[in-house]
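First the structure, in the form of structure tokens, and then the observations on it.
The values are calculated or read from the model by the stated rules, or taken from the named source; none is laboratory data. Fair warning: this is a prediction, and the values are worked out from it, not measured in the lab. Heads up, the Cβs are rebuilt from the backbone with ideal geometry, glycines too, and the neighbour counts pull from every protein chain shown. Side chains included, ligands, DNA and RNA excluded: accessible areas come from the protein's heavy atoms. Shrake-Rupley method; radii C 1.70, N 1.55, O 1.52, S 1.80 Å.
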Amino acid sequence: MAKVLAFRAVRYNPKVVGDLSAVVTQPYDRIGSQEEAEYLRRSPYNFVRLIGTKIPPKDDSEYEKRAELFRAWLSQGVLIRDEKPGFYLYRVRFTHDGKQYERLGFVALLDLRESEVKKHERTLRGPKEDRLKLFRATEAHLEHIFLLYRDPERRATEALLSAAKGREPDMWARDDFGNIHEMWHISEPEVIAAVQEALAPIPVYIADGHHRFETAGVFMEECFQKGWKPLGPESFTSIPVTLVNVAEEGCVIRPTPRVVHGLPDFSLSRFLSAVREDFALEELPNFSAAKEFLSAGLARREKVFVAYAEGKFYGLRLLKDPEKVVPGEHAPAWKRLDVAILHKAILEKLLGIDEETLARGTNVEYTHTAEEAVKLMDEGKGQIAFLLNPTQVEDVLAVADAGEPMPQKSTDFYPKLLSGLVAMKMEIAKP
């Protein structure tokens, strides 16, 4: 079901670049112009020079320039390649909502031909075309994607932790948000075999990286059509992945608030009257009370939301079975998603914002935090904002098992995997 392979990672030479914190980045699709400028300022060796940003270059020659730089850094010793193949135990220590977490996973290659991978997200053509051009130019996987699996017995984790016991990490970096990322290179053959055996019968689920995963499959087919052949596991038939066991602590998903704007006939009073058909409505005194309302609803497994408009917070609690308020031929797991209820029973039914409007991005802005949403409203940049609880990890797996893509912006896994810790250079035989 999941065939994982040890590999020789390409990684930075600390003797050349110094502190890894200055050269690693967030994933490319989290990098805008401001983040890019900051990364370029930090170091001449920053990884953004190779992966680029979420804004594709206007000139396709930029991809070849990145490839030339990648090859130059390899020849100059800026980047080095491990001599022994292995897995990379990956630990992230972070704080979220005032609570400390530790997320454990490991980096490996996933065989694209012999693994069952379940998805939950629709992909867009633009990002896939961008990454495909980078794959073609570099013949490398510079980033790794985030996968989930379920193993209550923790077999892979225990094997890797035992091998790393008493050792200092081989890589250490602090990300832009103060989170600590550590990696250990684990090359013992018996540990590699134990991990492979543990993962062999288990399906894996994409958490982050749908565009890169699909593009890797397209690139693989292109290579086969050209008559190219893989030379070992480090080639176009595999992709680097970080695998995280959902049975472990620390698999955090953040909610993504929505700010509605630009509706020509929006009326708060009309909305508050209409929402009572499906929801109990109560006015909340302040932002703190709004967050408590959401937390209490999550604890009771209720479907609750907070609306914020004209300086006031309103708690919304669903009174009906979610399957009765979410129309369409969707799986029950999909209809029970908080995001699905928000989109179908509130945005579409009451405000006229349907899937097509959401896809155009004309009337809804997404924010990373509730604080950002409230700030936009207070600055007069929205008509009404909606705060919600995070999607639960088990819900992500259930929807993926049902074979349905989730609504837009359903998951925000936190922290993101760092780019620049490990990469993979493809070995290819060409006729």
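Report whether or not residue 121 is loosely packed, with under 15 Cβ neighbours inside 10 Å and of a type in the set (D, E, K, R). Step through it out loud before you land on a result.
Details: loosely packed, with under 15 Cβ neighbours inside 10 Å: no; of a type in the set (D, E, K, R): yes.
So residue 121 does not fit the description; no.
Residues in segment 84-103 that are surrounded by 15 or more Cβ atoms within 10 Å (Cβ to Cβ) and under 16 Å from residue 422 (Cβ atoms): how many?
Result for segment 84-103: 8.
Checking residue 55 against (1) open to solvent by less than 10 Å² (accessible area, probe 1.4 Å); (2) among the β-branched types (Val, Ile, Thr); (3) within 30 Å of residue 126 (Cα to Cα), only one condition comes out false. Which one?
Of everything listed in (1) open to solvent by less than 10 Å² (accessible area, probe 1.4 Å); (2) among the β-branched types (Val, Ile, Thr); (3) within 30 Å of residue 126 (Cα to Cα), residue 55 misses just condition (1).
Can you tell me which residues in segment 17-54 are out of contact with any helix residue (DSSP H, G or I) (no Cβ under 7 Å at 6 or more places or on another chain), closer than 22 Å to residue 213 by Cα and β-branched (Val, Ile, Thr)?
Correct list: 24 only.
Output yes when any residue across segment 234-245 is charged (D, E, K, R) and in contact with a Ser or Thr (Cβ under 9 Å, 6 or more places away or on another chain), and no when none is. Before you say what the answer is, go through the steps one by one.
Step one: of segment 234-245, the residues charged (D, E, K, R) are 234.
Still in the list and also in contact with a Ser or Thr (Cβ under 9 Å, 6 or more places away or on another chain): none.
Taking every residue of segment 234-245 in turn, none turns out to be charged (D, E, K, R) and in contact with a Ser or Thr (Cβ under 9 Å, 6 or more places away or on another chain).
Name the pairs: first residue in segment 353-364 and under 10 Å from residue 260 (Cβ atoms) and modelled with pLDDT of 90 or more, second residue surrounded by 11 or more Cβ atoms within 10 Å (Cβ to Cβ) and of a type in the set (S, T, N, Q), Cβ to Cβ under 6 Å, at least 6 apart or on different chains?
Matching pairs, first to second residue: 353/363; 363/357.
Taking the residues in segment 201-223 that are over 28 Å from residue 394 (Cβ atoms) and among the aliphatic types (A, V, I, L, M) as candidates, determine which candidate is most open to solvent (accessible area, probe 1.4 Å).
Per the stated criteria, the residue is 218.
So which residues in segment 231-258 are surrounded by 18 or more Cβ atoms within 10 Å (Cβ to Cβ), of a type outside the set (Phe, Trp, Tyr) and over 25 Å from residue 399 (Cα atoms), if there are any at all?
Scanning segment 231-258 gives 233, 234, 235, 237, 238.
Of all residues in segment 273-317 being within 30 Å of the chain's Cα centre (by Cα) and assigned to a loop (DSSP other than H, G, I, E, B), which is surrounded by the fewest Cβ atoms within 10 Å (Cβ to Cβ)?
301
Considering only residues that are open to solvent by 20 Å² or more (accessible area, probe 1.4 Å) and within 16 Å of residue 22 (Cα to Cα), which ones fall in segment 162-179?
Within segment 162-179, 172, 174, 176, 177, 178 meet the criteria.
Take the residues in segment 31-59 that are hydrophobic (A, V, I, L, M, F, W, C) and not in a loop (DSSP other than H, G, I, E, B); name whichever of them is farthest from residue 141 (Cα to Cα). So that I can check it myself, show each step before the final result.
Narrowing segment 31-59 to residues hydrophobic (A, V, I, L, M, F, W, C): 31, 37, 40, 47-48, 50-51, 55.
Subsequent filtering for residues that are not in a loop (DSSP other than H, G, I, E, B) retains 37, 40, 48, 50-51.
Details: 37: 23, 40: 21, 48: 14, 50: 11, 51: 10 Å.
In this case the residue turns out to be 37.
Among the residues of segment 250-266, how many are over 20 Å from residue 88 (Cβ atoms) and not in a strand (DSSP E or B)? Full working, then the answer.
Here is the first cut: in segment 250-266, the residues over 20 Å from residue 88 (Cβ atoms) are 252-266.
Those left that are additionally not in a strand (DSSP E or B): 254-257, 261-266.
Of the residues in segment 250-266, 10 are over 20 Å from residue 88 (Cβ atoms) and not in a strand (DSSP E or B).
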